[in-house]
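I have placed the structure first, in the form of structure tokens, so that the comments after it can refer back to it.
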Amino acid sequence: MGMGLRNGFLLILSCVVTLSLSVLGRPATFLEDFRITWSDSHIRQIDGGRAIQLVLDQNSGCGFASKRQYLFGRVSMKIKLIPGDSAGTVTAFYMNSDTDAVRDELDFEFLGNRTGQPYTVQTNIYAHGKGDREQRVNLWFDPAADFHTYSIMWNHHQIVFYIDEVPIRVYKNNEARNIPYPKLQPMGVYSTLWEADDWATRGGLEKIDWTKAPFLAYYKDFDIEGCPVPGPVNCATNSRNWWEGTAYQALNAMEAKRYRWVRMNHVIYDYCTDKSRYPVTPPECMSII
């Protein structure tokens, strides 16, 4: 992910993250389960560690990650995004294996907009080091007016990106067809907010309006349910984990209907149909949901 900062300008991007982490059924404060990965001087705990504030200025941005990694499960956040003119900003919520050549990663990236235009969410999937699987969806609601829940479900059968329990993307396990699927490497949970006006809004045509700073986004009810690594040896292969159940191995009828609605009405970019990048349709795009 590009995180280029423009020197000479003072921009303060702040976001408040309210943590209600549920790993193995217990609540957590920030320092119990998270660590600062980027510029501790720009992260401030609020409300006894149940919330934190992130700041990006001309000197540095900031970010944090879970102290542990997880292999399969579900992660979610309730997020209220930057209101008004947010062009050039990116708010990210993602999982990453923190490896190089064989990186696995599951991304939500919320791309800022000019006032009055739809907010765009970009998803991407890296499996065994291969990425470039971007899809973009224009949201059908104002994500800055209230909190909405963004979730990633990851099991042996499929990866599903949800918004308010509406699936917006499905990536099936098609290893039988020699299509890479992330299943061997545990991933940490990350969140960052940064300036990326060289690409984030209309391919970089729309720049940040610095007079609108500070930009504010809010998170709460952060939740992880999965197999921690290190942890119980057989957890990730236990078919009795709820996220491995029959109900989560494919979309149910209602989810499939909602998924078709999103695909028909709100997808604005799909690498599967981008013939300029992929003259031959990638094999995973041929799978039946």
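Partners of residue 130 within straight-line reach, counting aspartates and glutamates whose Cα lies under 15 Å from its Cα and excluding those fewer than 8 residues away in the same chain: 98, 100, 104, 105, 107, 175, 284. The spacing between the stretch 132-170 and the stretch 237-289, judged by their C-alpha centroids, is 11 Å. Taking square-rooted eigenvalues a ≥ b ≥ c of the alpha carbon gyration tensor, is the chain rounded, prolate or oblate, where a/c under 1.5 means rounded and, failing that, a/b exceeding b/c means prolate? Oblate, because a/c is 1.5 or more while a/b does not exceed b/c.
Inter-label distance, residue 99 to residue 142: 4.4 nm, where each label sits 7 Å from its Cα along the C-beta direction. Spin-label model, residue 47 to residue 177: label points 7 Å out along the Cα-to-beta-carbon direction sit 4.5 nm apart. Partner lysines whose Cα lies under 28 Å from the Cα of residue 257, excluding those fewer than 8 positions away in the same chain, are identified as 78, 80, 172, 183, 275.
Taking 7 Å steps out from each Cα toward its Cβ at residue 199 and residue 280 produces label points 2.6 nm apart. In the chain, the calculated helix contribution to ellipticity at 222 nm averages -1500 deg cm²/dmol per residue, counting -39,500 (n - 2.57) for every DSSP H run with n ≥ 4. Within the accessible area of the chain, the carbon and sulfur atoms contribute 53%, probe 1.4 Å, all protein chains present. Residues in the stretch 32-287 average 43 Å² of solvent-accessible surface per residue, probe 1.4 Å, ligands and nucleic acids excluded.
Close amide H partners of residue 201, meaning residues 5 or more places away or on another chain with modelled amide H under 5 Å apart, are 88, 206.
The values are calculated or read from the model by the stated rules, or taken from the named source; none is laboratory data. Quick caveat: nothing in here was measured; it's all calculated off a predicted structure. Cβ coordinates were reconstructed from backbone atoms using ideal geometry, including for glycine residues, and neighbour counts include every protein chain displayed. Side chains are part of the model used for accessible areas, which takes the heavy atoms of the whole protein and leaves out ligands, DNA and RNA. Shrake-Rupley method; radii C 1.70, N 1.55, O 1.52, S 1.80 Å.
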